[in-house]
Amino acid sequence: MSLLPLLNDRFASALAQVGAPNAHPLVQQAGRPEFGDYQMNGVMGAAKALKLNPRELAQKVIDAVDLADIAASLEIAGPGFINIKLADQFLAARVASALNDTHLGVENLPRQKVMVEYSSVNLAKEMHIGHLRGGIIGDALARIQGFVGQEVIRQNHVGDWGTQFGMLVAYMVESSKAGEADFELKDLDSFYKKSKVRFDEDPVFADLAREYVVKLQGGDAEVLALWKQFVAISLTHCNAIYQKLGLLLNDGDVRGESFYNDDLPVLVGELREKGILTEDQGAQVVFLDEFKNKDGEPAAFIVQKQGGGYLYATTDLGAIRFRTRELKLDRCLYVVDARQGLHFQQLFTTARKAGFLAEHAQFEHIAHGTIMGPDGKPLKTRSGDSVKLGDLLDEAIDRAYALVSSKNPDQDEAKRREIATAVGIGALKYADLSKNRNTDYIFDWDAMLSFEGNTAPYLQYAYTRVKSIFRKVGDWDQKAAINLTEPTEHALALELARFADVIHQVARDSLPHFLCSYLYNVATAFSRFYEACPVLQDGTANTSRLRLCALTAETLRTGLGLLGIQVLEVM
Ligand code: ARG
């Protein structure tokens, strides 16, 4: 069992023994070193309920609690906190068993079928900076869910359906007649812009585009083939970005909006049968009392427009219905921009009413903020266009290359390129993941590429520093006993022993910045340890300390790997 549940369980039974009620969680990480390693704060509430003196009750709990094998000391502090200092031997045993385990002591969570839906780009245009956060966060969450033993389905719910595709297909036909389609499609954005210009300027073209939409929806083979071609080219663009960014997504993860097309009339029929559909000004809507406006009127979740057209919301209902009935998901994480928050709340509420969600299923909007420019507005290029993701990734790698070259001018070119890719992409990802995903942040190349502070380069460098120790040592006894004697050894072992709790927390709450702060803490605890405790002295290695180094390296490598960030043996 990982540390927090272990301590919580022991205190829960102690409270039960002394007849006190308990409110979980009882134990938390101590905020300051003088509070010990953990602090139990469940006594005050219990004492109040029992009308007892809290410090007296704390003493009873200390007498009752069974922590002989775990804690070195338990102390009452302040109004009735219990400060817990873990035993060095206990921590040493934890380090040893983590080193023996490919999952570093992280136990599987109860098995679930979990979908992580992310990226979900609209295929008409090239990927831009607005797609960066969802891709990075979703990828990290998918990796973490897999690491804790879940059956993970990655899903790229691409926007591949709707009126603009009629326009694009019409332009494909037109430009291929002129023999230019292949060439023009290399730049999706300008292809889109040009077709929009044609649509706006030429009513004959616009009519043709509308005709194609109808044909597309009617399943016309010729138009469908053109549409498929367009989708394939767009996905090639996306795949190149995913690859450069090191995301797991591939064609097998794509299930676009078009997939649900045939289900839409069926599901609207089901909503009608359920009696939750109302006709409102010609549109089919579900009224949601849960979302009343200022005047007390319920919000209308529109599922079919006047005239019969379906919407984004309808497709999402189709997807939920499919994910429940066919895929039988226990959990679904929708990693999508926070500005779609209301849509998802209304979607989940409607799906519950419609019976499209299993009772136990957790469908969650994993919202993220926006990447801002230095002016505090969403980041744009100088000319006011959205920043293309391909360009941004290239710039990250170029900047890292310049940095690496200035630090290591003598290293060979290929090696510098390899390091630059890991550092540049790592920096971009880590800068994002290390912030609470719910907030916006200001994009800052210098900060993310700094070798100091809570950044990817700092952690990647810390990893190579640890690894360099082993190159100096050569063969050593990897099963050597671990003895923790110095305070910095205790502090490092404690950090390392927390790994499982942190991973479990992120798997539950989908907040990867907790994993980032944790890894940063590991790296700083290692630095303090390394300064205070010689590992190699007069040609002999301290094998106990080497084992701490080994787990530090593995924890950094695994933790960064779960964030989708590569480490290097040398930098
Ligand atoms: N394609 C949508 C957009 O670009 C995002 C889709 C999010 N996922 C969903 N199931 N609605 O805005």
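Computed quantities for the displayed model
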{"item": "Rule-of-thumb Rg ratio for the range 374-413 [Cα; 2.2 N^0.38 Å; N residues]", "result": "1.60"}
{"item": "Farthest toward positive dipole pole in the range 23-139 [+1 Lys/Arg, -1 Asp/Glu at C-beta], among 27, 67, 42", "result": "42"}
{"item": "Directionally averaged shadow of the range 57-150, computed from the convex hull of its alpha-carbon atoms, nm²", "result": "11.1"}
{"item": "Under the Karplus curve 6.51 cos²θ - 1.76 cosθ + 1.60, θ = phi - 60°, whole-Hz ³J(HN,Hα) for the range 511-518, x wherever Gly or Pro sits", "result": "10, x, 5, 5, 5, 5, 4, 4"}
{"item": "Cα shape, the range 369-527, gyration tensor, a/c 1.5 rule", "result": "oblate"}
{"item": "Shape of the range 241-328, Cα gyration tensor, a/c cut at 1.5", "result": "prolate"}
{"item": "Per residue solvent-accessible surface (Å²) - the range 387-509, probe of 1.4 Å", "result": "44"}
{"item": "Förster radius 35 Å - calculated FRET efficiency between residue 32 and residue 359 (Cβ-Cβ, nearest 0.05)", "result": "0.20"}
{"item": "The chain - percent of accessible surface contributed by carbon and sulfur, probe 1.4 Å", "result": "50"}
{"item": "Accessible surface, per residue, of the range 20-66 when the full set of protein chains is kept, probe 1.4 Å, Å²", "result": "57"}
{"item": "Mean Cβ neighbour count within 10 Å, used as a protection proxy, ranking 95-103, 161-169 highest first", "result": "161-169, 95-103"}
{"item": "Cα centroid of the range 195-268 to Cα centroid of the range 106-182, whole Å", "result": "13"}
{"item": "Rounded to the nearest 20 debye, dipole of the chain from Cβ charges on Lys, Arg, Asp, Glu", "result": "880"}
{"item": "Other-chain or far-sequence residues with amide H under 5 Å of residue 154's (modelled H)", "result": "116"}
{"item": "The range 70-133, accessible area per residue, ligands and nucleic acids excluded (1.4 Å, Å²)", "result": "41"}
{"item": "Square roots of 5 times each gyration tensor eigenvalue, C-alpha, the range 235-392, largest first, Å", "result": "32, 21, 16"}
{"item": "Histogram of C-alpha separations across the range 173-229, 5 Å bin width, %", "result": "4, 17, 23, 29, 22, 5"}
{"item": "Calculated FRET value between residue 194 and residue 220, using beta carbons and R₀ = 25 Å, to 0.05", "result": "0.55"}
{"item": "Cα Rg, Dmax, the chain, angstrom units", "result": "28.2, 89"}
{"item": "Derived scalar couplings ³J(HN,Hα) [the range 396-407; Karplus, 6.51 cos²θ - 1.76 cosθ + 1.60; whole Hz; x for Gly, Pro]", "result": "4, 5, 4, 5, 5, 5, 4, 5, 4, 5, 6, 7"}
{"item": "Table column - 3J(HN,Hα) (Hz), the range 170-176, Karplus curve with 6.51, -1.76, 1.60, x for Gly and Pro", "result": "4, 6, 4, 4, 4, 6, 6"}
{"item": "For residue 441, solvent-accessible area (1.4 Å; no DNA, RNA or ligand), Å²", "result": "20"}
{"item": "Over the range 347-427, volume per residue of the alpha carbon convex hull, in Å³", "result": "187"}
{"item": "Peptides 130-142, 146-158 ordered by average Cβ neighbours within 10 Å, highest first", "result": "130-142, 146-158"}
{"item": "Rounded to the nearest 10 Å², the accessible area of residue 464 at probe 1.4 Å", "result": "10"}
{"item": "Antiparallel content of DSSP bridges confined to the chain, in %, to 5", "result": "55"}
{"item": "Probe 1.4 Å - accessible area at residue 406, Å² to nearest ten", "result": "90"}
{"item": "For the range 278-355, fraction of C-alpha pairs farther apart than 16 Å, in %", "result": "55"}
{"item": "Rounded to 10°, Cα long-axis angle of helix 499-509 versus longest principal axis of the chain", "result": "30"}
{"item": "Heavy-atom accessible area order for 294, 177, 194, largest first, 1.4 Å probe", "result": "294, 177, 194"}
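The values are calculated or read from the model by the stated rules, or taken from the named source; none is laboratory data. It should be emphasised that the depicted structure is a prediction, and the values quoted were computed from it without experimental measurement. When we count neighbours, we look across all protein chains shown, and the Cβ atoms used for this are built from the backbone with ideal geometry, even at glycine. Quick note on the areas: whole protein, heavy atoms, side chains included, nothing else; ligands and nucleic acids left out. Shrake-Rupley method; radii C 1.70, N 1.55, O 1.52, S 1.80 Å.
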